[in-house]
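The values are calculated or read from the model by the stated rules, or taken from the named source; none is laboratory data. As the structure is a computational prediction, the values presented were derived from the model and not from experiment. All Cβ positions, even for glycine, are placed from backbone atoms using ideal geometry, and neighbour counts span all protein chains on display. Calculation scope for accessible area: heavy atoms of the full protein, side chains included, ligands and nucleic acids excluded. Shrake-Rupley method; radii C 1.70, N 1.55, O 1.52, S 1.80 Å.
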Amino acid sequence: MALQSAIINVMKQAARKASIRLKRDYGEVDQLQVSQKGPSDFVTAADVRTERILKEELTRARPNFGFLMEEAGEVKGVDPNCRWIVDPIDGTTNFIHGIAHFAICIALEELGQITAGVILDPINEQLFWAEKGQGAFLNDRRIRASARTNFSQSIFATGIPFNGRGTPFDHETSLKEIGAVMSASAGIRRFGSAALDLAYVAAGRFDGFWESGLKPWDIAAGILVVREAGGIVSDLTGQDKMLDTGSIVAANPVLHKPLLDMIFSARN
Ligand code: 2AM
Ligand code: CA
């Protein structure tokens, strides 16, 4: 059983509490698929409600901390050094389509450093979590990035731009990246939740993951979970500026550089 601090307990409890209603909402989405309007408005309401529950729970436990949230944006706290970075549903498109692959994400940022992260897949009851210096866990089990060293036997996840996201240049660039990696690897996966892609790298399921155009709440928790699982994380230029640039390359220690180099040369 993993050692847990008070703060990680607060984060897990907030995520679990928010997930109860979210799971019920997800059950209803299927019913809405047939209506012409579709479930989008309903899902937006679920998103906002989930975020509100998370904010209430986290505020009750740490009244002075600030927030950076997908829906409500930035909320300054009394304590300027500590803030929660929150994504109520990462993988919203999956949620809308009744695909059971989405997550609630909470990260704690202290003095600009991510010190704790929680990614909860409520449908599959998989809670990925990490605290700085304490290792990474899936529920109560320690997880580690994969030990695979052969690129051609490795699986890589990515996210690709879609209608409404990214410029034509981004779409073309993404195709070049995918072209390079698909020819050299055992396959590419596109599951639609950057947070769970990172969690799967941490658990050794994916050997690596890359994506551009992401927001801090998509990746903040996952960056720490991957690192605490022994993986390497950088942005697309190899720097530690993922939250600023929105680009990310995460992989096990052997495959990170080959993946980064491959993507970099495919783009340029
Ligand atoms: P979301 O579900 O919270 O929107 C999938 O490629 C990843 O991209 C998901 O983590 C998804 O998070 C995120 N994403 C989807 N649309 C986005 C947008 N317009 N801007 C930034 N990130 C987006
Ligand atoms: Ca997200």
What are the residue pairs meeting all of these: first residue in the stretch 177-193, first residue touching a residue at least 24 places away in the same chain (Cβ under 8 Å), second residue of a type in the set (Asp, Glu) and surrounded by 18 or more Cβ atoms within 10 Å (Cβ to Cβ), Cβ atoms under 7 Å, and 6 or more apart or on different chains?
Phe191/Asp197; Ser193/Asp90
List the number of the failed condition for Trp217; all other conditions in (1) among the aromatic types (Phe, Trp, Tyr); (2) touching a strand residue (DSSP E or B) at 6+ places or on another chain (Cβ under 8 Å); (3) open to solvent by 50 Å² or more (accessible area, probe 1.4 Å) hold.
(3)
With (1) away from ligand 2 (no atom under 15 Å from the Cβ); (2) over 12 Å from the mean Cα position of the chain (by Cα); (3) crowded, with 22+ Cβ neighbours inside 10 Å as the list, and Lys257 as the residue in question, which single condition is left unmet?
(3)
Here is a check on your reading of the model: is Glu125 more than 16 Å from ligand 2 (Cβ to nearest atom), in contact with a Cys (Cβ under 8 Å, 6 or more places away or on another chain) and open to solvent by 60 Å² or more (accessible area, probe 1.4 Å)?
no
With (1) in contact with a Leu (Cβ under 9 Å, 6 or more places away or on another chain); (2) closer than 26 Å to Asp240 by Cα; (3) not in a strand (DSSP E or B) as the list, and Ala130 as the residue in question, which single condition is left unmet?
(3)
Residue count for the stretch 153-196, restricted to those that are more than 16 Å from ligand 2 (Cβ to nearest atom) and part of a strand (DSSP E or B):
5
Total residues in the stretch 200-210, condition buried (at least 24 other Cβ atoms within 10 Å of the Cβ) and part of a loop (DSSP other than H, G, I, E, B)
2
Among what's in the stretch 74-128 and is aromatic (Phe, Trp, Tyr) and in contact with a Phe, Trp or Tyr (Cβ under 6 Å, 6 or more places away or on another chain), pick the residue that is nearest to Ala199 (Cα to Cα).
Phe102
Ile178 meets each of (1) open to solvent by less than 40 Å² (accessible area, probe 1.4 Å); (2) of a type outside the set (D, E, K, R); (3) within 11 Å of ligand 1 (Cβ to nearest atom) with one exception, condition (3)
Determine whether the stretch 85-92 contains at least one residue that is closer than 20 Å to Ala130 by Cβ, assigned by TED's automatic domain parsing to the domain that holds Ala130 and open to solvent by 20 Å² or more (accessible area, probe 1.4 Å).
no
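If I go through the stretch 67-105 residue by residue, how many of them are outside any loop (DSSP other than H, G, I, E, B) and either away from ligand 1 (no atom under 12 Å from the Cβ) or closer than 19 Å to Arg52 by Cα (or both)?
Filtering the stretch 67-105 down to residues outside any loop (DSSP other than H, G, I, E, B) leaves 67-69, 73-75, 82-90, 92-96, 103-105.
If we keep only those that are either away from ligand 1 (no atom under 12 Å from the Cβ) or closer than 19 Å to Arg52 by Cα (or both) too, we end up with 67-69, 73-75, 82-90, 92, 95, 103-105.
Matching residues across the stretch 67-105 total 20.
Does Asp197 satisfy the criteria of being touching a helix residue (DSSP H, G or I) at 6+ places or on another chain (Cβ under 8 Å), open to solvent by less than 30 Å² (accessible area, probe 1.4 Å) and either in the same structural domain as Asn139 (by TED's automatic domain parsing) or closer than 24 Å to Glu74 by Cα (or both)?
no
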Given the condition touching a residue at least 24 places away in the same chain (Cβ under 8 Å), more than 15 Å from ligand 2 (Cβ to nearest atom) and touching a strand residue (DSSP E or B) at 6+ places or on another chain (Cβ under 9 Å), answer yes or no: does some residue in the stretch 33-48 qualify?
no
Filtering the stretch 71-101 down to residues that are at pLDDT 95 or above, in contact with a Pro (Cβ under 8 Å, 6 or more places away or on another chain) and within 12 Å of ligand 2 (Cβ to nearest atom) yields Ile85
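Residue by residue, here is whether (1) within 28 Å of Ile7 (Cβ to Cβ); (2) open to solvent by 20 Å² or more (accessible area, probe 1.4 Å); (3) at pLDDT below 95 holds:
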| residue | (1), (2), (3) |
| --- | --- |
| Lys17 | yes, yes, no |
| Gln33 | no, yes, yes |
| Ala45 | no, yes, yes |
| Pro63 | yes, yes, no |
| Ala103 | yes, no, no |
| Leu120 | yes, no, no |
For Val225, work out the one condition from (1) touching a Ser or Thr at 6+ places or on another chain (Cβ under 7 Å); (2) surrounded by 15 or more Cβ atoms within 10 Å (Cβ to Cβ) it doesn't fulfil.
(1)
